[in-house]
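Report on one structure; see the data block that follows.
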Amino acid sequence: MTIDESTCAARDAADPLRSLRDNFVLNPDEVYLDGNSLGVLPRATAARMQDVIAQEWGDGLIRSWNTAGWIDLPQRVGNKIARLVGAADGELIVADSTSVNLYKALSAACALAKQAGRGGKRIVSERSNFPTDLYIAESLAREQGFTLDLIEPDDILGTLDDSVAVLLLTHVNYRTGRMHDMAGITAAAHRAGALTIWDLAHSAGAVPVDLNGADADFAIGCGYKYLNGGPGAPAFVWVHRRHAEAATQPLSGWMGHAAPFAFTTGYAPAPGINRFLCGTPPLLSLSALECGVDSVLAAEPLGGMPALREKSLALTQLFIELVESRCAGHNLELASPREGDQRGSQVCFSLPDGAYAIVQALIARGVIGDFRAPDILRFGFTPLYTSYVDVWRAVEQLRQVLEGGEWREARFAQRAAVT
């Protein structure tokens, strides 16, 4: 069957999730395919922020820690995120950044490995993991007397033996969108005596995740991608209940204390996940993040994460088919898995020459994707607000950019600070 814009419009009209798009501020002249870098602004956020600023801060002032529930916000938002990633209430908390939370979780995992006395001193991750994860792991390995070994994704299972203390993986790869089998890999790591840490930056709110079902040990993730929490939104950290009382993290700030307002000089960790807090939480951005998480939870009456996943697969499959049929002959090579069960909610194409410039030319035409070095054109599909017509229009603009050659203009080759 020939697919055209009217075909895509008909699919939108029949989409059971179509009403969710109305919950976001979208420019009708743009196609936004970069929710895997920064989620779209939920309509509820501006009013909520105004209330927090004018009423809770402006009028309530310091009283709002109690009267507005500021002190419990990391736990409250954490419990909402938990519903999206297969965790229970009281297991996940919002705090700090993804990098800081990885430092906490990896430090705790290394300490648990040492306590277990198995002797393994290797932290294993894949070479194509997001760089900040590798940078944190490299510095912590030096501090803790561990070694960091980087391997190819297909070699993960083969490298697991009793020398591995911690396996650190991102569930969905940021460059390719390849998604790991969390349950299978976790089980293999446990058979080898290793602990697992999963980075959910490109998973939470985009694909179904079941941390407890997979029996994972630790997980971290950010709030500004598919959770729509806004630029620099706080991140989250999850610890399996079997580790919650034994795990210790090195950033022993006052909010992670068992009794922060007792103001004692000695540190005593709070019970459970609360010990992974550190300093005073950022209340403004936490409030914005709650609106973002609520925008994902709005899908629950319509089928929740399984329904979002079904639409995500349909959107990404349509994009792949249209690019390969309408943009053939321009050396674009699919860098994401063709198999849906191995693909997150993004599609990436590689191009040896001109990838950056092509993305810039698309942005100038109102199709917002991004570039990842050295040669990746990356497009994220957020089923909460991405439509099938968006997919058609994006591919049509890509076809015109490629066929017209406008991407060769010098202005599109000028590198910006953020790509």
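Per residue, the accessible area of the chain comes to 41 Å² when a 1.4 Å probe rolls over the protein heavy atoms. Using R0 = 22 Å, the C-beta based FRET efficiency linking ASP341 and ASN212 works out to 0.60.
One chain, two ends: GLU333 and GLU403. Fully extended at 0.36 nm per residue, the span grows by 23.6 nm beyond their Cα-Cα distance.
Largest GNM mean-square fluctuation across PRO306, PRO374, PRO28, computed for the chain with C-alpha springs under 10 Å, falls on PRO28. Relative to the current alpha-carbon distance between ALA417 and THR248, full extension at 0.36 nm per residue lengthens the span by 57.1 nm.
At R0 = 41 Å, how high is the FRET efficiency between ALA88 and ALA410 if r is their beta carbon distance? Nearest 0.05 is fine. Please list the in-between numbers first.
On the way: r = 55 Å, r/R0 = 1.34.
Between ALA88 and ALA410 the formula returns 0.15.
Rounded, prolate or oblate: which fits region 163-223 when a ≥ b ≥ c are the square roots of the eigenvalues of the alpha-carbon gyration tensor, with rounded for a/c under 1.5 and prolate only if a/b beats b/c?
Working: a/c = 1.90, a/b = 1.67, b/c = 1.14.
In terms of gyration-tensor shape, prolate.
Between region 320-396 and region 1-15, the alpha-carbon centres lie 19 Å apart.
For the chain, the longest principal axis of the alpha carbon atoms and the long axis of helix 73-85 meet at an angle near 60°.
The overall shape of the chain, judged from the alpha-carbon gyration tensor, is oblate: a/c is not under 1.5, and a/b is no greater than b/c. Kindly express, to the nearest 10 degrees and within the range 0 to 90, the angle between helix 131-144's C-alpha long axis and the longest C-alpha principal axis of the chain. On a 0 to 90 degree scale, this one is about 20.
Quote the FRET efficiency, to the nearest 0.05, computed for ASP181 versus ARG63 with a Förster distance R0 of 35 Å and r equal to the Cβ-Cβ distance. The value I calculate is 0.10.
Roughly how tilted is helix 98-116, in degrees to the nearest 10 and between 0 and 90, from the longest Cα axis of the chain? With both axes taken from Cα atoms, the answer is about 50 degrees. Atom-type composition of the exposed protein surface of the chain places 53 percent of the accessible area on carbon and sulfur (1.4 angstrom probe).
What is the antiparallel percent of DSSP beta bridges lying wholly in the chain, to the nearest 5? Mind showing how you got there, number by number?
Values: 21 of 40 bridges.
For the chain, the DSSP antiparallel bridge percentage is about 50.
Straight-line cross-link partners of LYS80 among the lysines, defined as a Cα under 20 Å from its Cα and at least 8 positions apart when in the same chain: LYS225. Considering only C-alpha atoms, what is the centroid distance from region 157-175 to region 179-215, in Å? Each part reduced to its Cα centre gives a spacing of 10 Å. Under 18 Å of direct C-alpha separation, and excluding same-chain neighbours fewer than eight residues apart, LYS121 reaches these lysines: LYS104.
For the pair THR264 and ARG118 in one chain, pulling the backbone fully straight at 0.36 nm per residue adds 49.0 nm over the alpha carbon distance.
The phi torsions of region 50-63, fed into the Karplus equation with coefficients 6.51, -1.76 and 1.60 and a -60° offset, translate into couplings of 4, 5, 4, 6, 7, 9, 5, 8, x, 9, x, 6, 4, 4 Hz, rounded to whole numbers, with Gly and Pro shown as x.
Among rounded, prolate and oblate, which fits region 338-380 when a ≥ b ≥ c are the square roots of the eigenvalues of its C-alpha gyration tensor, a/c under 1.5 means rounded, and a/b larger than b/c means prolate? Oblate, because a/c is 1.5 or more while a/b does not exceed b/c.
Summing +1 for each Lys or Arg and -1 for each Asp or Glu, what net charge is found among the other residues whose Cβ lies under 13 Å from the Cβ of ASP72?
Values: positive: ARG76, LYS80; negative: ASP89, GLU290.
Local charge sum for ASP72: 0.
The values are calculated or read from the model by the stated rules, or taken from the named source; none is laboratory data. A quick note: this is a predicted structure, and the numbers were derived from the prediction, not measured. When we count neighbours, we look across all protein chains shown, and the Cβ atoms used for this are built from the backbone with ideal geometry, even at glycine. Keep in mind that these areas ignore ligands, DNA and RNA; they rest on the heavy atoms of the full protein, side chains included. Shrake-Rupley method; radii C 1.70, N 1.55, O 1.52, S 1.80 Å.
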